[in-house]
1. Please turn the phi angles of region 29-34 into ³J(HN,Hα) values with the Karplus equation 6.51 cos²θ - 1.76 cosθ + 1.60 (θ = phi - 60°), one per residue in order, whole Hz, x for glycine and proline.
2. Show the residues, 5+ positions off or on another chain, whose built amide H is closer than 5 Å to the amide H of A131.
3. Hey, in the GNM for the chain with a 10 angstrom Cα cutoff, which one of L203, L36, L247 fluctuates hardest?
4. Pairing the Cα long axis of helix 287-302 with the longest principal axis of the chain, what angle in degrees results, from 0 to 90 and rounded to the nearest 10?
5. Compare D112, D81, D138 in a GNM of the chain, Cα atoms joined below 10 Å, and give the one with the largest fluctuation.
6. Rank the residues I89, I213 as a footprinting-exposure proxy: fewest other Cβ atoms within 10 Å of their Cβ go first.
7. If you build a Gaussian network model of the chain, linking Cα atoms that sit under 10 Å apart, which residue out of Q88, Q283, Q78 swings the most?
8. Suppose R0 equals 30 Å; then what is the FRET efficiency for I89 and I48 from their Cβ-Cβ distance, rounded to the nearest 0.05?
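Any read-out appearing in this document is the output of simple, stated calculations on the displayed coordinates, not a laboratory observation. In this text the structure is predicted, and so the values were computed from the model without any measurement. All Cβ positions, even for glycine, are placed from backbone atoms using ideal geometry, and neighbour counts span all protein chains on display.
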Amino acid sequence: ANALNRIIIDDALNNQNADPIVFGRNGQPLSASNTLRGGDVVTGAVGIMTYTWAGNSASGNAYRLRPINALGGSVTFQGADRPTAPAQIAGALKVASFNVLNYFNTWDGLPDTVDNCTNGVGGAPTDCRGADTQEEFDRQWPKTVSAVAGLGADVIGVIEIENDGYGADSALQDLVTKVNAATAPGTYALIDVDAGTGQINALGTDAIKVALIYKPASVTPVGQTAALNSVDFVNGGDSGPRNRPALAQTFLENSTGQRFTVVVNHLKSKGSACDAPDAGDGQGNCSIVRTIAANELVTWLAADPT
């Protein structure tokens with residue numbers, strides 16, 4: 001349904017990561033200070049309607065309106081200003097999840113001809129999926145750290161972080177150290193899943209994994225750290241691994257003594273390839289895999305693994 005109700009406003013360029021991106025608010029280019037938000041409205045969009053690709057395999061054939069003014073000219077986006085903070089709600093405890101989009105503190109360098117990362121602790125060499133250089137990492141981490149610190153959550157489920165253990169040089173410890181430097185020493189701590197479960201690579205041997213960080217001043221981990229890494233869950237009925245292992249941890253809220261369990265999972269994306277082809281029902285690729293995994297997760301949690 002979304003695809004049938006979508007028109008893409010595009011410029012005349014076929015290259016990726018054009019600079020500047022011409023479509024920002026008020027007819028001005030997109031920038032950090034002139035962003036677009038969900039719900040923005042376009043007015044005065046007059047141009048040539050095409051049905052074509054955008055010059056790369058990731059942007060296939062679609063209806064594209066190319067505004068006049070040299071076929072890449074301006075249109076006017078307008079909308080509500082971004083709020084400085086979310087609206088206050090009842091409750092004192094905040095739980096959040098955050099996809100850190102391949103946060104790796106190990107890189108291959110340029111040209112990317114070597115594999116300096118590993119599939120889990122002691123695993124086979126693999127491509128580092130994050131920054132390629134120190135310069136790139138220095139552009140990435142301040143934005144990630146600012147966003148994590150800005151959440152201010154008491155427990156955060158982390159997704160897509162380098163799977164290189166929990167030691168002083170690991171990507172997860174690097175993230176925690178940087179967030180604590182941006183807030184206050186000891187603000188966050190991490191869950192060492194391998195130590196908590198007694199398994200090496202409890203969260204799998206892919207290049208990335210899920211994780212948990214928390215505020216010791218607000219909550220205390222209790223019980224057993226648990227990882228759902230069974231073939232039935234990870235494969236989701238397919239011939240090979242598709243979903244990342246899930247992580248569960250029970251916490252005690254220090255101020256009330258109440259307990260709650262947080263689960264972090266990362267199921268296979270709609271854009272990935274699985275054994276069964278896309279059914280064309282709007283659920284995207286790998287719907288069966290995600291459904292099987294979700295049912296496995298429900299059954300696992302019903303047995304109180306933590």
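1. x, 6, 7, 4, 9, 9
2. F104
3. Of the options given, L36 has the highest mean-square fluctuation.
4. 30 degrees
5. So, out of D112, D81, D138, the one fluctuating most is D81.
6. Values: I89 6, I213 23.
Neighbour counts put them in this order, fewest first: I89, I213.
7. Of Q88, Q283, Q78, the most mobile in the Gaussian network model is Q88.
8. Numbers: r = 46 Å, r/R0 = 1.54.
E between I89 and I48, to the nearest 0.05, is 0.05.
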